[in-house]
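Asker: This is the structure I have questions about; it appears just below.
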Amino acid sequence: MLVSMHTLCAYAFPKRMHTTSMWMLPLLDVLVALLSSVNANMNLFNTSTIIQPPPIFFGPEVSINITCLNGGSIIDGKCHCQPRFEGKRCEIEPCLNGGMRSTFSPNGKCYCPYGLTGEKCETVTHCVEGKGKLIDGKCKCADRWSGLFCQSRTCYNGVSVGTGAETFCLCDMGYKGPFCDTPIVCVHGAISSENVCVCEPHWDGESCDRCAIDRRLEGDECRLIVNEESLIAVENQEAAEMWPLVAVGCAALALVVFVAVSGAVVLKRFHSKPSRVGSATATDV
């Protein structure tokens, strides 16, 4: 605690000296004020409160909410467009159908792909032969064909693969044909993972709707064709199937005969051996 400067001086100096030094009072007041200020600053630093300077105001916050179209990207708060597009949001396509605008031409002329012309490449000059007819700068496609030049197949149950003359349809499961418009019907079979019919036994054909070569249709079944050749074939097949059984039977019969003959020989030798009992020539050892 800070001690009053007046009390300190009254205690340190005699009364007579104090009375003769009245001119020092203003100086003492200045010292008291200075010490009070130092004491206040010490109390400020002893506290746990940190005084921060007021924030500097730079103006209102500005949020950027821009959506760039057609593959554009935001750089420094602005849309940078792909070569074929322009505008604040890349929403403008000055040249259609894949055309490109020249950056060196003063009027920004469009350079069009083959088969297109016009200020914005909007006019068709030819169609794929046999697939469409050119009418007023556009192709009117024949049935099952589509596209700007009628170059793509219309796949009703599948997807078009390739371009131009090499295009073809990749059909969904259960459909076939150049345009995937023909259902696959398996009369006596089922559709495999390769999108073809797998027929039941004795049936044949792309749709499993006819009998195999050695059979004919009788009612709803494919029965084996019976004739002299088929009978011979059946007999030969049965003989071929019976041959292993016959061989096994013969081997078993031979074994039985061998065992029987061997047993008979042993018994005959046993009964034909002379007995020593009652024999005149027998001698005791």
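Asker: For Arg101, which sequence-distant residues (separation of 5 or more, or a different chain) have an amide H within less than 5 Å of its own amide H, given hydrogens modelled in the peptide plane?
Answerer: Under 5 Å from the amide H of Arg101 lie the amide H atoms of Tyr111, each far enough along the sequence or on another chain.
Asker: For Asp76, Asp214, Asp209, which order do you get if you count the other beta carbons within 10 Å of each Cβ and list the fewest first?
Answerer: Numbers: Asp76 6, Asp214 11, Asp209 15.
Starting with the residue having the fewest Cβ neighbours, the order is Asp76, Asp214, Asp209.
Asker: By counting other Cβ atoms within 10 Å of each Cβ, how are Ile184, Ile66 ranked from fewest to most? Show your work: numbers first, answer last.
Answerer: On the way: Ile184 16, Ile66 11.
By the 10 Å Cβ count, ascending: Ile66, Ile184.
Asker: Hey, another quick one. Hey, fewest Cβ within 10 Å first, where do His271, His202 land in order?
Answerer: Values: His271 7, His202 15.
Neighbour counts put them in this order, fewest first: His271, His202.
Asker: Scan the range 130-227 for GluC sites (Glu not before Pro) in coil per DSSP, keeping those whose Cβ has at most 16 other Cβ atoms within 10 Å, and list them by number. List each step's numbers first, then the result.
Answerer: Values: sites: Glu166, Glu194, Glu206, Glu218, Glu221; in loops: Glu194, Glu206.
Answer by residue number: Glu194, Glu206.
Asker: Let me know the whole percent of all Cα-Cα pairs from the range 157-215 that are separated by more than 17 Å.
Answerer: 47
Asker: Let me ask something else. Given axes a ≥ b ≥ c from the Cα gyration tensor, I'd like to know whether the range 122-196 is rounded (a/c under 1.5), prolate (a/b larger than b/c) or oblate. List each step's numbers first, then the result.
Answerer: Working: a/c = 4.27, a/b = 3.07, b/c = 1.39.
Prolate, because a/c is 1.5 or more and a/b exceeds b/c.
Asker: Here is a further query. Sequence-distant or interchain residues sharing an amide H contact under 5 Å with Lys78, placed H: which?
Answerer: The answer is none.
Every number here is computed from the coordinates shown, using simple stated rules; none is lab data. Since the model is a prediction, treat every value here as computed from it, not as a measurement. Positions of Cβ are generated from backbone atoms using ideal geometry, with glycine treated the same way; all protein chains shown enter the neighbour counts.
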